[in-house]
1. Given the residues Gly116, Gly125, Gly110, which is the only one that is on the phi < 0 side of the Ramachandran plot and in contact with a helix residue (DSSP H, G or I) (Cβ under 6 Å, 6 or more places away or on another chain)?
2. Every residue in the stretch 260-292 that is open to solvent by less than 10 Å² (accessible area, probe 1.4 Å) and not in a loop (DSSP other than H, G, I, E, B), please.
3. So Lys166 ticks every box in (1) open to solvent by less than 20 Å² (accessible area, probe 1.4 Å); (2) free of Cβ contacts under 8 Å to residues at least 24 places away in the same chain but one. Which box is left unticked?
4. Just one of the numbered conditions (1) without any contact (Cβ under 8 Å) to a residue 24 or more places away in the chain; (2) buried (at least 16 other Cβ atoms within 10 Å of the Cβ); (3) closer than 30 Å to Ala251 by Cα is not true of Pro483; which one?
5. Among Asp247, Asp310, Asp283, which is the only one that is acidic (Asp, Glu) and either farther than 25 Å from Gln73 by Cα or touching a Ser or Thr at 6+ places or on another chain (Cβ under 6 Å) (or both)?
6. Does Phe242 count as modelled with pLDDT of 95 or more, touching a strand residue (DSSP E or B) at 6+ places or on another chain (Cβ under 7 Å) and assigned to a helix (DSSP H, G or I)?
7. Determine if the stretch 100-122 includes at least one residue that is surrounded by fewer than 17 Cβ atoms within 10 Å (Cβ to Cβ) and among the β-branched types (Val, Ile, Thr).
8. What's the number of the condition Ser400 fails, among (1) touching a Phe, Trp or Tyr at 6+ places or on another chain (Cβ under 9 Å); (2) open to solvent by less than 20 Å² (accessible area, probe 1.4 Å); (3) hydroxyl-bearing (Ser, Thr, Tyr)?
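The values are calculated or read from the model by the stated rules, or taken from the named source; none is laboratory data. Here the structure is a predicted model, which is why all the values come from computation and not from measurement. We place every Cβ from the backbone using ideal geometry, glycine too, and count neighbours over all the protein chains shown. Keep in mind that these areas ignore ligands, DNA and RNA; they rest on the heavy atoms of the full protein, side chains included. Shrake-Rupley method; radii C 1.70, N 1.55, O 1.52, S 1.80 Å.
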Amino acid sequence: DLRKAMSQAGTSQFQEVIRQELEYSMKVELDKILATAPSNELEHTKKDLEGFKKLFHRFLQEKGPSVDWEKIQRPPEDSIQPYEKIKARGLPDNIASVLNKLVVVKLNGGLGTSMGCKGPKSLIGVRNENTFLDLTVQQIEHLNKSYNTDVPLVLMNSFNTDEDTKKILQKYSLSRVKIYTFNQSRYPRINKETLLPIAKDVSYSGENTECWYPPGHGDIYASFYNSGLLDNLIAEGKEYIFVSNIDNLGATMDLYILNHLMNPPNGKRCEFVMEVTNKTRADVKGGTLTQYENKLRLVEIAQVPKAHVDEFKSVSKFKIFNTNNLWIALSAIKRLQEKNAIDMEIIVNPKTLDGGLNVIQLETAVGAAIKSFENSLGINVPRSRFLPVKTTSDLLLVMSNLYSLNAGSLTMSEKREFPTVPLVKLGSSFTKVQDYLRRFESIPDMLELDHLTVSGDVTFGKNVSLKGTVIIIANHGDRIDIPAGALLENKIVSGNLRILDH
């Protein structure tokens, strides 16, 4: 046992030496990069690299999954409240004064590359020529006009989306919404083998675009604080932010949740509220809220030991998942940020660059900070508040007659008999938005659709109706054209059909 202990001590000593060497080498490389920064970017770059250094230090310290599975418990009953209970409290007469304490923040750092688009994802047209950003501005403008309030919109951009977004913001100059932006940090990607940055200088254009990345939405706390915007909004009397992904079309401002935050029934305000919703089979990988060491904690699939992944995915044990719609007290962000007390697990995201080089990105997730805040709460909201558009399959749903559009908000059509959304799987011929749009002369009637699978070279004529379960598969080299006016109900179509009997 003594020999074993000595060898373990030797191993940990050796590991510590390697860690220190890696940190020193990283510091040398980052100093070299910083030395290339022009004077007007020096301060900003310095802050970014300091933040990255802290993250890298923690990355070297951590070993294995960051949660001890045995300590994970179901959250206590009262720590996740049903939305119906919050709504049943009604609204006070002074709802406008409550609204004036709110800021809407949208996470706008992502590009539309997964849907074959260049530029910010928020500028993709999703409904009647309106983009994600248009719909967001319309929602807040409607709110400000209806209640005579001044709710501002804040966009957290990344270096990838900032320039294009700022150009487009000019078109809202006359709208009744104050719009602010700040940038999340810019961190260097690191070589998987050497654990050193692949960037040699600060530039991030041309061939250097692949050297840098925005480090996930967990970066919101530091970059919001560093931008000075957090202090300005507090000075204006703002108290809460409502944060959500800009591609989640269900994440509209909710007066009942806001009222619950501002006028808590027990008199004790929550610093952090996470909207969760019930899992379906499509959501088994979503992060879930658990009780861990007497705190609410978000556990993501990447943190789960391999032996317990199936248990984590189980819909019976972990019934809910995080929608990433969050309500957070501004004063709490300021307090925790100044104490350097926001603790978020590191997500190691491996990537392979175009040239074949394997790199890693160190990231954090905004919801993981829930355990650092006081008096946190989960609210189990209806599924309609989670309507993300990640693929063209999602896009088909939100463009269809399943939803009606009113003042920038999408609501499920009353003509749909089921509250659930159909399951849609479009094949690789539909992945890019421009290909997808070319394949539909008009969006089919989907009010009575349960399931749609489309694979291969398939096109849809005008005024097609889809009902029940529809599967359309064009084999390799074949093509299927669904003619105008066709009604497909519980049908499997395969082979090579230019005109379908209907």
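1. Among Gly116, Gly125, Gly110, only Gly110 is on the phi < 0 side of the Ramachandran plot and in contact with a helix residue (DSSP H, G or I) (Cβ under 6 Å, 6 or more places away or on another chain).
2. Selection gives Leu261, Phe272, Val273, Met274, Glu275, Val276, Thr277, Thr288, Leu289, Thr290.
3. Result: Lys166 fails condition (1) only.
4. Checking Pro483 against (1) without any contact (Cβ under 8 Å) to a residue 24 or more places away in the chain; (2) buried (at least 16 other Cβ atoms within 10 Å of the Cβ); (3) closer than 30 Å to Ala251 by Cα, the one that fails is (3).
5. Matching residue, one of Asp247, Asp310, Asp283: Asp247.
6. No.
7. yes
8. Only one criterion is unmet by Ser400, namely (1).
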